[in-house]
Amino acid sequence: MTETNVFELTQPGTFSDPLTEVLRNGARTLLEQAVEAEVAAWLSTHTDKLTDDGRRRLVRHGHMPEREVMTGIGAVAVRCPRVRDRVGEGGERIRFSSAILPPYARRSKSLEVLIPILYLKGISTGDFEEALIALLGKDAGGLSASTIGRLKEAWSDEHTRWSKRDLSAKRYVYFWVDGIHVQARLEEAAQCLLVIIA
């Protein structure tokens, strides 16, 4: 009999978590039900629209291909219903677009908020993919260093537009001003953010 004091550590994304799987399956079921209810309600608002031969113009037409949306509990596979407009040649088509599951959405809004928070907490651009795999599981890819770089550029452009917006047409009765000290990106001195509410 041999004894060993070497223990293999579990790597992020390599273990199974039954609770998370139950949550993902439940999220998938709820999401499918919500989108199905959304398309049914949308179709009911268009029941008065008919084709030239008297049939309903807008009808269900299967589903779009399945895609994965990254959420706070990991990747959730979803299929969005497809609607067919049976309008004749030359007519303007009516299209269904889900508000719950927008076309081309690959990440939930909560994850969109998490990314800048992780960046401000000091996660380097190259470590994002590994950090998200540890948080969300092995299917949490898609956030490479180049993707994070593009997001940082978008945040910078958004800040520039915000800081240059025209306020000349506004009239303010009073201002409330305060400073918030934050330790962003592991800097030695805390930065003071000036907050002004009018």
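When each of 74, 88 is tested for being more than 30 Å from residue 151 (Cα to Cα) and either modelled with pLDDT under 80 or surrounded by 12 or more Cβ atoms within 10 Å (Cβ to Cβ) (or both), the lone residue that passes is 88. Within segment 163-176, one or more residues are modelled with pLDDT of 75 or more and either under 30 Å from residue 37 (Cβ atoms) or in contact with a strand residue (DSSP E or B) (Cβ under 7 Å, 6 or more places away or on another chain) (or both). Residue 143 - would you say it is at pLDDT 80 or above and either open to solvent by less than 60 Å² (accessible area, probe 1.4 Å) or farther than 30 Å from residue 63 by Cβ (or both)? No, not satisfied. Assessment of segment 53-60 against the conditions (among the small types (Gly, Ala, Ser) and either closer than 21 Å to residue 106 by Cβ or under 15 Å from the mean Cα position of the chain (by Cα) (or both)) yields no matching residue. The set of residues in segment 70-110 being of a type in the set (Val, Ile, Thr) and in contact with a helix residue (DSSP H, G or I) (Cβ under 8 Å, 6 or more places away or on another chain) consists of 71, 73, 76, 78, 83, 100.
Scanning segment 89-102 for residues that are touching a residue at least 12 places away in the same chain (Cβ under 8 Å) and more than 14 Å from residue 57 (Cβ to Cβ) gives 98, 99, 100, 101.
Looking only at residues in segment 91-113 that are assigned to a loop (DSSP other than H, G, I, E, B) and either on the phi > 0 side of the Ramachandran plot or charged (D, E, K, R) (or both), which one is surrounded by the fewest Cβ atoms within 10 Å (Cβ to Cβ)? Among those that are assigned to a loop (DSSP other than H, G, I, E, B) and either on the phi > 0 side of the Ramachandran plot or charged (D, E, K, R) (or both), it is 104. Give the residue that is nearest to residue 97 (Cα to Cα), with candidates limited to residues of segment 25-61 that are touching a strand residue (DSSP E or B) at 6+ places or on another chain (Cβ under 7 Å), charged (D, E, K, R) and not in a helix (DSSP H, G or I). Filtering segment 25-61 for residues that are touching a strand residue (DSSP E or B) at 6+ places or on another chain (Cβ under 7 Å), charged (D, E, K, R) and not in a helix (DSSP H, G or I), the one nearest to residue 97 (Cα to Cα) comes out as 60. For segment 24-53, the set of residues classified as free of Cβ contacts under 8 Å to residues at least 60 places away in the same chain and open to solvent by less than 50 Å² (accessible area, probe 1.4 Å) consists of 24, 26, 27, 39, 43, 46, 51, listed by residue number.
The values are calculated or read from the model by the stated rules, or taken from the named source; none is laboratory data. Just so it is clear, the model here is predicted, and its values are computed rather than measured. Neighbour counts run over all protein chains shown; Cβ positions are idealised from the backbone, glycine included. Just so you know, the surface numbers come from the protein's heavy atoms only, side chains and all, with ligands and any DNA or RNA stripped out. Shrake-Rupley method; radii C 1.70, N 1.55, O 1.52, S 1.80 Å.
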